[in-house]
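Readers should treat all values here as calculations from the given coordinates under stated rules, not as data from a laboratory. Here the structure is a predicted model, which is why all the values come from computation and not from measurement. Neighbour counts run over all protein chains shown; Cβ positions are idealised from the backbone, glycine included.
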Amino acid sequence: MKSGTVRQNLIFYSLTGITYLLLFLTIAYFTARQNFLSRSINTIWRTVYFVLIYFAFFEYAIPAIKMVRKKKWYSFLVIAAMLLLCTFGWYAFRRTGIILQIYTSFIHYPTALTGIFYQSVYGLFSILFFGVSRHIFDHSKLRRTIRQQVIEKKQAELNYLKAQTTPHFLFDTLNNIYSLSQEKSDLAPESILRLSKILRCMLYDTNVPYIPLEQEWKIIEDYIDLQKLRYDDSLRINLSTNFQDMKHQLPPLLLMGLVQNAFKQGLSETGTCPFLDIHLSVDEQEQMTFIVRNSTDDRSRSPENIKNMELTNLRLQLELHYTEHKLILLRNDSWFTATLKINLSNQTTFLWQPH
């Protein structure tokens with residue numbers, strides 16, 4: 001048995017036994033205050049007995065039932081044994097306490113069967129008390145286990161997405177640098193320096209669950225500066241922001257996918273007068289709006305049919321991180337617009353481990 005499980009079980013039996021003890025001590029205090037000390041000792045004696053038998057029942061008998069093939073007959077025998085322990089067994093343990101002068105008998109029964117009948121009330125109540133307590137304990141433990149599994153699944157998915165983002169970004173950027181090199185452009189060395197700067201930030205500054213919005217925006221600006229080297233002065237870029245607090249938190253590179261998509265699926269296909277408009281705003285209710293609008297000449301695909309790694313990863317990350325979000329894609333003959341809306345106050349909280 002794992003040490004964590006042993007610790008949880010010890011806590012359960014300790015708390016359940018203490019609660020059982022306090023319940024009957026309270027009853028004794030208000031109903032028989034003149035004999036409170038003796039009745040308190042009786043209650044302690046009874047509590048010890050029932051804690052021990054239910055420990056044996058839940059920790060040994062129940063697991064044994066799960067291991068045998070003929071569970072029906074074995075379960076019947078174990079339940080019958082438990083009923084005997086809660087009636088005849090308890091009466092025998094009570095008599096042992098009386099003989100040892102630990103337990104005080106306030107009622108003298110004419111026969112043993114009569115004593116067993118009246119004392120069985122404690123046994124039957126204990127079945128209800130410890131049974132309900134154990135059910136609540138097991139249900140709570142099951143919920144924690146399921147929650148932990150969900151957390152681990154989300155973490156694995158998130159690490160997978162993070163592992164995809166940097167190589168994919170690097171592949172696209174190296175293709176751009178390769179194009180500049182083929183043209184023997186003097187901008188190729190500068191592209192490599194800018195790429196080195198971005199990669200340093202991506203590898204060392206984004207290995208955390210969330211980064212400030214200011215840092216995310218700076219990465220986007222650096223990426224756009226790098227991409228601009230591929231275009232001449234005809235490319236019009238407009239960046240604007242509208243928020244007071246730059247410390248709002250976002251998952252690293254969450255917004256980058258829409259910017260990459262604008263260059264790959266739109267600007268790269270625009271023959272004349274390419275443009276890119278990006279606007280980022282956060283209102284007082286922590287509602288973030290990120291709008292990316294770019295020129296395009298590709299009229300063959302509707303927004304619903306646009307499927308690429310950037311948008312796929314974005315949608316998956318949104319599902320993992322936020323309970324309230326919306327991604328709207330619109331296209332006409334000459335432009336494409338992606339609008340992302342997120343309620344930053346409703347982040348999905350789960351344990352995060354760096355990969």
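Counting pairs of alpha carbon atoms under 8 Å apart in space and at least six apart in sequence, what relative contact order in percent does region 3-106 give?
30 percent
I'd like the distance between the alpha-carbon centres of region 21-98 and region 114-140, rounded to an integer number of Å.
Taking the Cα centre of region 114-140 as reference, the centre of region 21-98 is 7 Å away.
Around GLN249, what is the net charge, scoring Lys/Arg as +1 and Asp/Glu as -1 over all other residues with Cβ under 12 Å from its Cβ?
Summing Lys/Arg as +1 and Asp/Glu as -1 gives -3.
How long are the semi-axes of the equivalent ellipsoid of region 7-96, defined as square roots of 5 times the Cα gyration tensor eigenvalues? Whole Å, largest first.
31, 16, 9
Rank-order 312-318, 35-41 by packing density, defined as the average count of other C-beta atoms within 10 Å over each peptide's residues, highest first.
With the highest mean Cβ count within 10 Å placed first, the list reads 312-318, 35-41.
Can you flag which of LYS197/LYS326; LYS141/LYS341; LYS218/LYS326; LYS197/LYS341; LYS228/LYS341; LYS141/LYS326 are past 25 Å Cα-Cα?
Check vs 25 Å cut-off fails for LYS197/LYS326; LYS141/LYS341; LYS197/LYS341; LYS228/LYS341; LYS141/LYS326.
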